[in-house]
Amino acid sequence: MAQASHGSVVDDLGIRIASGSVSPGTVLTLAGLEEEYGVSRTVIREAVRVLEAMGMLQSRRRIGVTVRPTGDWSALDTRLIGWQLRGPHRDRQLVVVNELRAAVEPIAARLSAVRATDAERTELVRLATLLQELGAQGRGDGDEYLAVDIAFHDLLLDSSRNPLLAAVKPAVAAVIAGRSRAGLTPGVPHAQALHNHVQTAAAIARGDADAAEHHTRRYVDTVLGEVGADS
């Protein structure tokens, strides 16, 4: 990889580690990486620092750069999620992030039914209705549907007024986008999933916390069933 940039070294090495082709416990050297990528030692050090910050590498004097166990990685880092979605374990990554959604989004919806502003309630209804319309038109695999889908889930988490729940927004958006870009989002989404998005928004709009949690759990369960079938 002659004349690779700092960013391309990070991406290439990150993908190799995330895919398992460079396995945990592997010891790399700065000199070896410098030769392999055809870049300066400074570029290699910068790339290693990025991957260290993500928990994927550890540098030790007189030893080198060691690939850390997967449990040490920054699992919610969107760059890491993107690399994992490009690798052979993509299907498993889709499942684990959607399992996180199943744990988080129903509670966020319950809180949103109590805490959302009037403007947020109106916008959630608008976004859910638009998702249903685009899905009915067979446009579930398009960029507009993707943008609306991410906006809906971002707002659902934000309107919970819980910063820890909202902190998972980037990870949720990354897996929604990754699934779409991998061609795994159907042009005509599951009708029950769309229906439950609309019902979630309606429940939040009227302040019905029980119904908001119920319908959110229903659509997340549908998505889990879909990504499980993809694997």
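The values are calculated or read from the model by the stated rules, or taken from the named source; none is laboratory data. Keep in mind the model is a prediction, meaning the values are calculated, not measured. Neighbour counts are summed over all protein chains in view; Cβ atoms, including those assigned to glycine, are modelled from backbone coordinates with ideal geometry.
Some observations on this one:
- Looking only at segment 1-19, and only at residues there that are loosely packed, with under 13 Cβ neighbours inside 10 Å and in a loop (DSSP other than H, G, I, E, B), the one that is modelled with the highest pLDDT: Gln3
- When segment 139-159 is filtered for residues that are under 15 Å from Arg126 (Cβ atoms), touching a residue at least 12 places away in the same chain (Cβ under 8 Å) and of a type in the set (A, V, I, L, M, F, W, C), the ones remaining, listed by number, are Val148, Ile150, Ala151, Phe152, Leu155, Leu156.
- Residue pairs meeting the criteria (Cβ under 7 Å; at least 6 apart or on separate chains; first in the same structural domain as Val65 (by TED's automatic domain parsing), in segment 39-54; second in a loop (DSSP other than H, G, I, E, B) and among the hydrophobic types (A, V, I, L, M, F, W, C)): Val39/Ala4; Met54/Trp73
- The residues of segment 58-76 that are in contact (Cβ under 8 Å) with a residue 12 or more places away in the chain and farther than 17 Å from Val97 by Cβ, listed by number, are Ile63, Gly64, Val65, Thr66, Val67, Arg68, Pro69, Asp72.
- Within segment 171-182, the set of residues being surrounded by fewer than 16 Cβ atoms within 10 Å (Cβ to Cβ) and outside any loop (DSSP other than H, G, I, E, B) comprises Arg181 only.
- Residue in segment 143-166 that is of a type in the set (Lys, Arg) and part of a helix (DSSP H, G or I) present: no
Table: residues versus (1) among the acidic types (Asp, Glu); (2) in contact with a strand residue (DSSP E or B) (Cβ under 6 Å, 6 or more places away or on another chain); (3) under 14 Å from Thr216 (Cα atoms).
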| site | (1), (2), (3) |
| --- | --- |
| Ala108 | no, no, yes |
| Arg126 | no, no, no |
| Leu131 | no, no, no |
| Arg139 | no, no, no |
| Ala151 | no, no, no |
| Asp158 | yes, no, no |
| Ala166 | no, no, no |
| Val188 | no, no, no |
| Gln192 | no, no, yes |
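- Search result, residues across segment 60-72 that are within 14 Å of Val48 (Cα to Cα) and at pLDDT 95 or above: Val65, Thr66, Val67, Arg68
- Helices (runs of 4 or more DSSP H) enclosed by segment 23-141 - at least 2 residues per element that are buried (at least 17 other Cβ atoms within 10 Å of the Cβ) and of a type in the set (Gly, Ala, Ser): 90-115, 118-136
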